[in-house]
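J.: Structure below; questions to follow.
Just so it is clear, none of the values below were taken in a lab; they were calculated from the coordinates. Everything numeric in this text was worked out from a predicted model, so none of it was measured. Here the Cβ positions follow ideal geometry from the backbone for every residue, glycine too, while neighbour counts run over all protein chains shown.
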Amino acid sequence: MPEAKPYVPPKVWTYDKENGGQFANINRPISGPTHEKPLPRGKHPLQLYSLATPNGVKVTVMLEELLALGITAAEYDAWLIRINEGDQFGSGFVEVNPNSKIPALVDYSEPEPVRVFESGSILLYLAEKFGAYIPTGRAKRTECLNWLFWQMGSAPYLGGGFGHFYAYAPTKIEYAIDRFAMETKRQLDVLDKRLAQSRYIAGDDYSIADIAIWPWYGGLAKGLLYGAGEFLQVQEYTHVVRWADEIAQRPAVIRGRIVNRAFGPLESQLHERHDAGDFETRTQDKIQKA
């Protein structure tokens with residue numbers, strides 16, 4: 001069998017929408033809306049437009065954690081954005097997030113509506129607005145933000161890098177998988193060494209650093225991402241596993257994981273969330289009609 005010819009980049013790259021891959025139908029090299037579609041608006045000041053990917057789960061967990069503290073002003077409507085169908089390119093969504101990525105939030109409680117996009121920005125906005133899950137002292141606050149921004153900078157290696165080439169790319173490329181597996185394991189080692197020193201990421205208290213990191217690296221440790229636990233030997237990172245298990249048991253995390261979830265077992269899905277009672281009243285029939 002003849003060896004495959006090595007790829008030689010052309011002088012000028014051109015867009016080929018037939019390049020394959022699970023998300024090829026929604027990837028494109030330009031921004032902006034593809035169609036007119038206004039966003040729905042519910043009864044609460046906080047309107048979330050999202051999907052229960054790791055980045056989306058960050059925000060629903062944060063909102064559920066705030067509500068668990070008794071902060072009723074954190075009540076929210078969560079609307080499902082089906083990224084595989086291109087909802088993120090609707091005119092209304094692009095107006096809220098010109099980058100066309102979930103999650104996106106609009107806060108109507110301010111004198112003028114405030115749009116917030118990028119999951120880390122949303123976590124910080126909510127933490128500051130409600131005075132929760134972020135330390136107040138300069139040193140501790142900075143340590144929390146160190147890890148929040150660490151996650152925002154590191155996740156592309158785990159998601160767009162390792163996850164893409166290991167789970168979603170149309171062909172398996174050894175170099176790409178090895179490169180991103182190595183970096184993912186290095187990041188797990190960074191977290192493991194940190195969590196050997198403290199209960200939570202930023203110290204003794206649960207914070208937005210944990211809420212940001214858990215859906216990605218906690219999900220990996222819990223076997224929730226890519227089916228790659230054995231491949232990456234995640235059980236070796238015992239402190240990460242301990243931390244991931246503890247956070248996974250929090251009631252707000254359990255609730256937050258299912259909001260805007262449109263995949264997996266039906267009983268784990270809640271396509272839209274408009275009231276706390278939605279968790280109790282949802283049924284498989286309701287889910288199937290959503």
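J.: Using +1 at the C-beta of Lys and Arg and -1 at the C-beta of Asp and Glu, which of 268, 8, 228 has the Cα lying farthest in the positive direction of the dipole of the chain?
T.: 8
J.: Okay, next question. Taking R0 as 22 Å, what FRET efficiency do you get between residue 236 and residue 263 from their Cβ-Cβ distance, rounded to the nearest 0.05?
T.: Here the calculated transfer efficiency is 0.15.
J.: With the crude spin-label approximation of a point 7 Å out along Cα→Cβ, what separation in nm comes out for residue 142 versus residue 99?
T.: If labels sit at residue 142 and residue 99, their model points lie 2.5 nm apart.
J.: Work out the charge dipole of the chain with +1 on the Cβ of Lys and Arg and -1 on the Cβ of Asp and Glu about the Cα centre, then indicate which of 125, 182, 39 is farthest towards its positive end.
T.: Checking the options against the dipole of the chain, the answer is 182.
J.: Also: Give me 204, 77 sorted ascending by neighbouring Cβ count inside 10 Å, so fewest comes first.
T.: So the residues, fewest neighbours to most, are 204, 77.
J.: Okay, moving on. Would you please give the FRET efficiency between residue 174 and residue 27, computed as 1/(1 + (r/R0)^6) with r the Cβ-Cβ distance and R0 = 35 Å, to the nearest 0.05?
T.: 0.95
J.: With a 10 Å Cβ neighbour count serving as the proxy for reagent exposure, in which order, fewest first, do 261, 194 appear?
T.: 194, 261
J.: Please tell me the relative contact order of region 124-229 in percent, rounded to the nearest whole number, where contacts are Cα pairs under 8 Å and at least six residues apart.
T.: In percent, rounded to a whole number, it is 31.
J.: I'd like the FRET efficiency for residue 71 and residue 204, computed as 1/(1 + (r/R0)^6) with the beta carbon distance as r and R0 of 30 Å, rounded to 0.05.
T.: Computed FRET efficiency for residue 71 and residue 204: 0.85.
J.: State the antiparallel share, in %, of DSSP beta bridges confined to the chain, rounding to the nearest 5.
T.: Looking only at bridges with both residues in the chain, the antiparallel portion is about 60 percent.
J.: Place a +1 charge on the Cβ of each Lys and Arg in region 138-255 and a -1 charge on the Cβ of each Asp and Glu, then give the dipole magnitude about the Cα centre in debye, rounded to the nearest 20.
T.: 320 debye
J.: Which listed residue (214, 158, 169) has the Cα farthest towards the positive end of the charge dipole for region 138-255, taking +1 on Lys and Arg C-beta and -1 on Asp and Glu C-beta about the Cα centre?
T.: 214
J.: May I pose another question? Quick check: the distance between the Cα centres of region 169-244 and region 37-87, to the nearest angstrom?
T.: 25 Å
J.: How large is the dipole of the chain about the Cα centre if only Lys and Arg carry +1 and Asp and Glu carry -1, each at its Cβ, rounded to the nearest 20 debye?
T.: Its charge dipole is roughly 340 debye.
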